[in-house]
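Asker: Structure in structure tokens, see below.
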Amino acid sequence: MRLVLAEDHALLRAGLTQLLQAHDCTVTAAVDNEEDLRVALRDPDVDAAVLDVRMPPTHTDEGLRAAIEARAARPGFPVLVLSQYVEHLYARELLASGEGAVGYLLKDRVADVAEFLDALRRVVAGATVLDPEVIASVMTRRGPEPVDRLTPREQEVLTLMAEGRSNAAIAARLVVTDKAVAKHINSIFTKLDLPPAPDDHRRVRAVLAWLRL
């Protein structure tokens, strides 16, 4: 897997580069600013990107904007965004295309190497992966919304969908059958008024509906 890495903290950038290259990834560019990131993302041979939301020169949303621009040029281009804090707006903007293959993790998650690498692999495979802390924050702050039509079990399933889990992984976590999970997901689509479409796209749209604050 050929990756672009963008992180302005030198020690974390070096650590992530070493970690990724130790797990069958080739870091084609490890950059620390927006301009170099945009250049690196133009490489047609790059398979995915791991990048920080906030980068020089303003330390606001340079990484996010570069990611959105790259995905506009290459629809479905896998991007895993790392953030210091839970910022719902950034997560929503990243997901807005509805195409999947995006992840939003807090930087603390990198300390769990297995979980971080698993999230990256799921994003590259086309999944949508949200940090559990983002999910918990949304669950505590959200007011009345269409998702309130869901049963407690359907909300559990949607939460796991937001983490990028497959039907089989959801079934294993909830100790139910794959058929039961598929039934819950179809009910979620119906209750959120999501018309028929490729299932992967409807999963992303369901998560977007769930993220609205």
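Asker: By how many degrees, between 0 and 90 and to the nearest 10, does the Cα long axis of helix 199-211 differ from the longest principal axis of the chain?
Answerer: For helix 199-211, the angle is close to 90 degrees.
Asker: Treating only the Cβ atoms of Lys and Arg (+1) and Asp and Glu (-1) as charged, compute the dipole magnitude of region 1-83 about its Cα centre; round to the nearest 20 debye.
Answerer: Computed about the Cα centre, the dipole is about 200 debye.
Asker: If you don't mind, another one. Per residue, how much accessible area does the chain have with a 1.4 Å probe, in Å²?
Answerer: Per residue, the chain has an accessible area of 47 Å².
Asker: Rounded to the nearest 20 debye, what is the charge dipole size of the chain about its Cα centre when +1 sits on each Lys and Arg Cβ and -1 on each Asp and Glu Cβ?
Answerer: 880 debye
Asker: Given the DSSP H assignment, sum -39500 (n - 2.57) over each helix run of at least 4 residues in the chain and divide by its residue total; what's the result at 222 nm in deg cm²/dmol, nearest 500?
Answerer: So the calculated ellipticity at 222 nm is -15500 deg cm²/dmol.
Asker: Give me the number: length gained by fully extending residue 108 to residue 26, i.e. 0.36 nm times residue separation minus the C-alpha to C-alpha distance, one decimal in nm.
Answerer: Extra length from residue 108 to residue 26 when fully extended: 27.3 nm.
Asker: In nm, what is the difference between 0.36 nm times the number of residues separating residue 174 and residue 58 and their Cα-Cα distance?
Answerer: 37.4 nm
Asker: How big is D for the chain, in µm² s⁻¹ as a whole number, if Stokes-Einstein is applied with the Kirkwood radius of its Cα pairs at 10 °C and 1.306 mPa s?
Answerer: 91 µm²/s
Asker: Here's another thing I want to ask about it. Given 0.36 nm per residue, what is the gain on full extension from residue 72 to residue 166 after removing their alpha carbon distance, in nm?
Answerer: 31.3 nm
Asker: Give the carbon-plus-sulfur fraction of the accessible surface of the chain in %, rounded to a whole number; probe 1.4 Å, heavy atoms of protein chains only.
Answerer: 53 percent
Asker: Cut-off under 14 Å on the C-alpha distance; same-chain residues fewer than 8 positions from residue 191 excluded. Which aspartates and glutamates are left, in chain and number order?
Answerer: Correct list for residue 191: 145, 148, 154.
The values are calculated or read from the model by the stated rules, or taken from the named source; none is laboratory data. These numbers were taken from a predicted model, which means no experiment stands behind them. All Cβ positions, glycine included, derive from the backbone under ideal geometry; neighbour counts span all protein chains shown. To get the accessible areas, we keep the full protein, side chains included, count just its heavy atoms, and leave off ligands, DNA and RNA. Shrake-Rupley method; radii C 1.70, N 1.55, O 1.52, S 1.80 Å.
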